[in-house]
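The values are calculated or read from the model by the stated rules, or taken from the named source; none is laboratory data. Quick caveat: nothing in here was measured; it's all calculated off a predicted structure. Here the Cβ positions follow ideal geometry from the backbone for every residue, glycine too, while neighbour counts run over all protein chains shown.
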Amino acid sequence: MIAHPLLPKLRALNLSGMVLSLDTRSLQATEANLTPLEFLALLLDDELERRRQNRIRQRVVESGVDEGKTLAAFDFSAVPALNRSLVLELGTCGFLGRGENVLMCGPTGTGKSHLANALAYEALKRGYSVQVRTIQGLLAELNGARGNGSFARRFARLCSLDLLVLDDFGLRPLSGQGAEDLYEIIRERYERKSLVITSNRAFEEWPEVFGDGLLSSAALDRLTHHCHTLVIRGASYRQRGRRKEAEVSGGQGGGSATELPD
């Protein structure tokens, strides 16, 4: 069979996409009476697709994106008040080309992090540079970078990314240095590169988190100038999951399930 003499040559050239599909494509070429050029084109497409998928996987690892949290995996029925049309439009990543921001606000556990991650994943698939970080984690990294002399390089990288997703703003108050670093990131990216920020705090609570009313006002002014805002309301996914588990356990045990608070 033609696959046998070709296999070691393909492996030597690191064309594993062709290696994996060679037998299938050979059979397809025979059955469809493909020309040699058509057969070669199919093999090249397989190799290009393999390399594209490998690049995406590598960039996913480097970006901090969770491949499991996609738009397809998001349960829109659980948050019926959510503007689904806007979410799907954001999923096309057109807002990135315009340097627009996305702010997602709502109670803990309502899917903000999932949606932010999903937008990051869509951006990655389209070739954009992306990073996903928690606010506290990112600011801790920057603080550590000051100690080893890499702050300027790290900060410049954050400002040059096509999309920076900052998760969980407001879980803890920011330190004075952290508030200044976050403001500088927002200022440097303003009207150039997009930010997606999730928060369980209303905008009027941001000064409390920043610990500085002027910094908070200046940050919000820039963030909301070209911005899409998603306010997500509803019970926590985790609480709903616990209720279901409690109902199942109660039903199996013949008792009643304990209702958990929202």
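Can you pull out every residue in region 25-40 that is among the polar types (S, T, N, Q) and not in a helix (DSSP H, G or I)? Break it down into steps so the answer makes sense when it comes.
Just the residues of region 25-40 that are among the polar types (S, T, N, Q), to begin with: 26, 28, 30, 33, 35.
Residues satisfying the conditions are ASN33, THR35.
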Check GLY97, GLY17, GLY109, GLY91 and return the single one that is surrounded by 13 or more Cβ atoms within 10 Å (Cβ to Cβ) and either in contact with a strand residue (DSSP E or B) (Cβ under 8 Å, 6 or more places away or on another chain) or under 22 Å from CYS227 (Cβ atoms) (or both).
-> GLY91
Subset of region 184-223 that is out of contact with any Phe, Trp or Tyr (no Cβ under 8 Å at 6 or more places or on another chain) and hydroxyl-bearing (Ser, Thr, Tyr) - its residue that is surrounded by the fewest Cβ atoms within 10 Å (Cβ to Cβ) = SER217
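Suppose we filter ARG25, ARG50 for residues that are touching a Ser or Thr at 6+ places or on another chain (Cβ under 7 Å) and farther than 25 Å from HIS228 by Cα; which single one remains?
Working: ARG25 fails: touching a Ser or Thr at 6+ places or on another chain (Cβ under 7 Å).
From the options ARG25, ARG50, the qualifying one is ARG50.
How about region 88-128: which of its residues are aliphatic (A, V, I, L, M) and under 12 Å from VAL196 (Cβ atoms)?
Start the filter on region 88-128 by keeping residues that are aliphatic (A, V, I, L, M), which leaves 88, 90, 96, 102-104, 115-116, 118-120, 123-124.
Listed by number, the residues that qualify are LEU90, LEU96, VAL102, LEU103, MET104, LEU115, ALA116, ALA118, LEU119, ALA120, ALA123.
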Which listed residue is of a type outside the set (D, E, K, R) and over 17 Å from the mean Cα position of the chain (by Cα), from GLY137, GLY149 | GLY149
Which numbered condition LEU166 misses (of (1) of a type in the set (A, V, I, L, M, F, W, C); (2) outside any strand (DSSP E or B); (3) without any contact (Cβ under 8 Å) to a residue 40 or more places away in the chain) | (2)
Is it fair to say PHE74 is of a type in the set (Phe, Trp, Tyr) and either more than 22 Å from LEU164 (Cα to Cα) or more than 16 Å from the chain's Cα centre (by Cα) (or both)?
-> no
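Just to be sure, is VAL65 of a type in the set (A, V, I, L, M) and assigned to a helix (DSSP H, G or I)? I'd like the intermediate steps shown before the answer.
Details: of a type in the set (A, V, I, L, M): yes; assigned to a helix (DSSP H, G or I): no.
No.
Here are LEU48, LEU10: which of them is over 30 Å from TYR121 (Cβ atoms) and of a type outside the set (D, E, K, R)?
One residue alone meets the criteria, LEU10.
Restricting to region 188-219, give me the number of residues that are of a type outside the set (Gly, Ala, Ser) and over 22 Å from the mean Cα position of the chain (by Cα). Show your work before the answer.
At the first step, the residues of region 188-219 found to be of a type outside the set (Gly, Ala, Ser) are 188-193, 195-198, 200-201, 203-210, 212, 214-215.
Right, trim to over 22 Å from the mean Cα position of the chain (by Cα) and you get 203-210, 212, 214-215.
The number of residues fulfilling the criteria is 11.
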Looking at region 134-147, is at least one residue outside the structural domain of ARG55 (by TED's automatic domain parsing), under 21 Å from GLY64 (Cβ atoms), assigned to a strand (DSSP E or B) and at pLDDT 95 or above?
-> yes
Can you run down the residue pairs with Cβ atoms below 8 Å, 6 or more apart or on separate chains, where the first is in region 78-99 and closer than 26 Å to SER160 by Cβ and the partner is surrounded by fewer than 15 Cβ atoms within 10 Å (Cβ to Cβ)?
-> CYS93/ARG126; ARG98/HIS226; GLY99/GLU191; GLY99/ARG192; GLY99/HIS226
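Every residue, every condition in (1) on the phi > 0 side of the Ramachandran plot; (2) part of a helix (DSSP H, G or I); (3) not small (Gly, Ala, Ser), yes or no:
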{"site": "ALA73", "(1), (2), (3)": "no, no, no"}
{"site": "PRO80", "(1), (2), (3)": "no, no, yes"}
{"site": "GLY99", "(1), (2), (3)": "yes, no, no"}
{"site": "SER113", "(1), (2), (3)": "no, yes, no"}
Looking at (1) in contact with a Ser or Thr (Cβ under 8 Å, 6 or more places away or on another chain); (2) modelled with pLDDT under 90; (3) not hydrophobic (A, V, I, L, M, F, W, C), find the lone condition where PRO5 falls short.
-> (1)
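Residue-wise test of (1) modelled with pLDDT of 95 or more; (2) touching a helix residue (DSSP H, G or I) at 6+ places or on another chain (Cβ under 9 Å); (3) of a type outside the set (Gly, Ala, Ser).
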site: LEU48; (1), (2), (3): no, yes, yes
site: ARG52; (1), (2), (3): no, no, yes
site: ASP75; (1), (2), (3): no, yes, yes
site: ALA81; (1), (2), (3): no, no, no
